[in-house]
Amino acid sequence: MIATILKQVSFFSGLSNTELNKVLAIAGTKKYSCGQLVFAKEDLGGNFFVVKSGRIKIFTTVGSGKKKTFAFLKKGEFFGEMSLLGGKTRSASAQAAEDSELFVIPRKNFKRLILENPDFTLKLMHTLVERLNKCDKEIESMLFHNILGRLADAILELSKDKHSKPVKMAIDQNELAQYLGTTRVPVCRAINTLKRSGVIDYHRGELVILNAARLRSISGQAE
Ligand code: CMP
């Protein structure tokens, strides 16, 4: 029963039954309600997590409350590996962005999984490379794009798993501002510019992409 659930979680889906059984033997689960902190930046790292359901926000807070969202992680994605592999303390905070359930694997068992299961380790490395790529692109975007291009980039990134036509997503302006590491006012202005040019619609926290090709072009991505 739990094995069937684990198989549905993409991070575990490629593992053999033997490997899956090893994970089963060591993973617990824990529920978090929307808004609840899983851990805070600088906490000592103790566990590795995989999202079983819901959505987890990874973010950092700087100085007097400035926030930067690094990622929203959904079913099948993992977090908490950095402090277990490298630095001892958490590099960012993790918070449930909606009611969520997590697989929890303690440090000692996580290290054993890495050493004994090459498929697991390869999957982990593959995802870390993807995240590094995304960070490089974000640095490029911050240095060379204006707020409009960065907003277009963020909308495309945050909506990449939405398959409705037209693409719709629920996100408020504060969340968008935190994702871009800026404040609400410039984001509000940029949203209005995109609205006026018919690229998106945005009303009461619901964003609709009306012209995806134009959005990609504003973000600097090839059409
Ligand atoms: P750790 O440092 O243990 O705790 C915070 C976690 O956030 C970190 O491990 C990673 O799993 C995750 N994390 C940090 N930066 C990013 C990022 N840019 N994208 C996705 N996840 C991240």
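The table below gives the values:
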| item | result |
| --- | --- |
| Listed residue (146, 113, 80) projecting farthest to the positive dipole end of the stretch 68-223, Cβ model | 146 |
| Student exercise, the chain dipole from Lys, Arg, Asp, Glu Cβ charges, in Debye to nearest 20 | 300 debye |
| Listed residues 205, 80, 181, most fluctuating in the chain (Gaussian network, C-alpha, under 10 Å) | 205 |
| Axial C-alpha extent at least 30 Å, average Kyte-Doolittle at least -0.5 - helices from the chain (DSSP) | 118-144 |
| Three-way shape call for the stretch 48-97 based on the alpha-carbon gyration tensor, with the a/c threshold at 1.5 | oblate |
| Unit charges at the beta carbon, dipole of the chain: most positive-side option, 219, 18, 45 | 45 |
| Point-charge dipole on Cβ atoms (K/R +1, D/E -1) for the stretch 145-219, about Cα centre, debye to 20 | 240 debye |
| Cα Rg, Dmax, the stretch 145-219, angstrom units | 10.9, 30 |
| Alpha-carbon spread of the chain, three principal axes, descending order, Å | 55, 40, 31 |
| Restraint check, 168/195; 88/123; 22/162; 75/195, Cα-Cα greater than 25 Å | 22/162; 75/195 |
| For residue 48, distant residues with modelled amide H under 5 Å away | 105, 107 |
| Packing rank of 153-165, 39-51, where each peptide gets the mean count of other beta carbons within 10 Å, highest leading | 39-51, 153-165 |
| Fewest-first ranking of 197, 141, 64, using other Cβ atoms within 10 Å as the exposure measure | 64, 197, 141 |
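Each value in this text was obtained by applying a stated rule to the coordinates, not by laboratory testing. It should be emphasised that the depicted structure is a prediction, and the values quoted were computed from it without experimental measurement. Counting neighbours? That spans all protein chains shown, and the Cβs are built from the backbone with ideal geometry, glycine included.
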